[in-house]
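For reference, the structure is listed below as structure tokens.
The values are calculated or read from the model by the stated rules, or taken from the named source; none is laboratory data. These figures come from a predicted structure and were not determined experimentally. Please note: Cβ atoms are built from the backbone with ideal geometry, for glycine as well, and neighbour counts cover all protein chains shown. Protein only, heavy atoms only, side chains kept; ligands, DNA and RNA dropped before computing areas. Shrake-Rupley method; radii C 1.70, N 1.55, O 1.52, S 1.80 Å.
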Amino acid sequence: MAVMTTRHAIRALWLGVVLVMAPGCMSGARNLGAATTPVGTTEVGVSLNTIAFERGRERAYLPNPELTFRKGAGENWDWGGRLTLLGLELGTRHRLAERSRWTLSVAPSAGLWYVPVTNNSTEPVNLRLGAQTLLDYRLSRSWTVTGGASLMGTFAGPLTVFQGRFNGSHLLASPGGSLGVAFRLRPNLELRAEGGLELPFDLREGRRQVTGYAGLTLRWRRADGR
């Protein structure tokens, strides 16, 4: 039964990769599981995400390298962030419930992004605030499947917002979903693949194109020095 479940999860990830081929604005995998980082340890990761955007009438694809870290702060929560070539995001993760095979957490976050690849190049400044609910299901000691549901609010505007001019700015609400598979190579080393989508709505102009993303992360854990 576990083998079939893993196979289905991998197929779903391929679907996430296909979704990234659709034209749309930039998005990115968060590459998180529900299990929080233990107190006294820090996790550091290197990710390679794929983003898709329109360039004229053509589709273009851009790799988006990323550095991540998480630090255990309490018995049921941690904090951390991710740094990419285009922005910075910080947030916490709180474990709500845990059983032998599954863990449920919520991860609020806030970020600032520069997005030069939008269709009309008029909204490069993105301020994002929201949260993601994460559910881990452990197939075995090595394999974990993670499902995620998110809701992000975005302020998107031109560079003139730094001068106090907000003409052309938009407010977006973006519900989304993700599916990830993690394989523990060693007790302190994890490989995670993730795919997902977001459905952005402009609060004044209505629905925008669905955006997709895919990512791959190698993450290792180390004990904090005294």
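Would you mention how many residues in segment 83-97 are touching a residue at least 24 places away in the same chain (Cβ under 8 Å) and not polar (S, T, N, Q)?
Count: 7.
The conditions are (1) within 30 Å of Gly157 (Cβ to Cβ); (2) at pLDDT 95 or above; (3) of a type in the set (A, V, I, L, M, F, W, C), and Leu104 fails exactly one of them. Which is it?
Just one mismatch for Leu104, condition (1).
One residue is enough: does segment 152-164 have a residue meeting the conditions open to solvent by less than 20 Å² (accessible area, probe 1.4 Å), more than 17 Å from Leu112 (Cα to Cα) and hydroxyl-bearing (Ser, Thr, Tyr)?
Checked segment 152-164: no residue is open to solvent by less than 20 Å² (accessible area, probe 1.4 Å), more than 17 Å from Leu112 (Cα to Cα) and hydroxyl-bearing (Ser, Thr, Tyr).
Which of the residues belonging to segment 137-169 are closer than 30 Å to Leu218 by Cβ, assigned to a strand (DSSP E or B) and not hydroxyl-bearing (Ser, Thr, Tyr)?
Within segment 137-169, the subset closer than 30 Å to Leu218 by Cβ is 137-152, 154.
From what is left, the residues that are assigned to a strand (DSSP E or B) are 137-138, 143-152, 154.
Answer for segment 137-169, where residues must be closer than 30 Å to Leu218 by Cβ, assigned to a strand (DSSP E or B) and not hydroxyl-bearing (Ser, Thr, Tyr): Arg138, Trp143, Val145, Gly147, Gly148, Ala149, Leu151, Met152.
Among Ala97, Ala52, Ala12, which is the only one that is modelled with pLDDT under 90 and in a strand (DSSP E or B)?
Numbers: Ala97 fails: modelled with pLDDT under 90; Ala12 fails: in a strand (DSSP E or B).
Only one candidate qualifies: Ala52.
Open to solvent by 40 Å² or more (accessible area, probe 1.4 Å), not in a helix (DSSP H, G or I) and not basic (Lys, Arg): which single residue out of Leu172, Leu134, Leu191 fits that description? Don't jump to the end; show me each part of the working.
On the way: Leu172 fails: open to solvent by 40 Å² or more (accessible area, probe 1.4 Å); Leu134 fails: open to solvent by 40 Å² or more (accessible area, probe 1.4 Å).
Of Leu172, Leu134, Leu191, the one residue that is open to solvent by 40 Å² or more (accessible area, probe 1.4 Å), not in a helix (DSSP H, G or I) and not basic (Lys, Arg) is Leu191.
Return a yes/no flag: does segment 196-211 have any residue that is under 20 Å from Thr50 (Cβ atoms), surrounded by 15 or more Cβ atoms within 10 Å (Cβ to Cβ) and either free of Cβ contacts under 8 Å to residues at least 40 places away in the same chain or among the acidic types (Asp, Glu) (or both). Break it down into steps so the answer makes sense when it comes.
First, pick out the residues of segment 196-211 that are under 20 Å from Thr50 (Cβ atoms): 196-200, 208-211.
Remaining after also requiring surrounded by 15 or more Cβ atoms within 10 Å (Cβ to Cβ): 196-198, 200, 208, 210-211.
Next, only the ones that are either free of Cβ contacts under 8 Å to residues at least 40 places away in the same chain or among the acidic types (Asp, Glu) (or both) stay: 198.
Within segment 196-211 (the criterion being under 20 Å from Thr50 (Cβ atoms), surrounded by 15 or more Cβ atoms within 10 Å (Cβ to Cβ) and either free of Cβ contacts under 8 Å to residues at least 40 places away in the same chain or among the acidic types (Asp, Glu) (or both)), the answer is yes, since at least one residue qualifies.
Keeping to segment 78-96, report how many residues are under 16 Å from Leu127 (Cβ atoms) and among the acidic types (Asp, Glu). Even if it seems obvious, please write down each step before you answer.
From segment 78-96, those under 16 Å from Leu127 (Cβ atoms) are 81-82, 84, 86-91; that's our starting set.
Pick out the ones that are also among the acidic types (Asp, Glu) and you get 89.
Qualifying residue count for the region: 1.
Condition check ((1) closer than 25 Å to Thr50 by Cβ; (2) at pLDDT below 85; (3) within 16 Å of the chain's Cα centre (by Cα); (4) open to solvent by 30 Å² or more (accessible area, probe 1.4 Å)) across all residues:
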| position | (1), (2), (3), (4) |
| --- | --- |
| Pro116 | yes, yes, no, yes |
| Arg138 | no, no, no, yes |
| Ser178 | yes, no, yes, no |
| Arg184 | yes, no, no, yes |
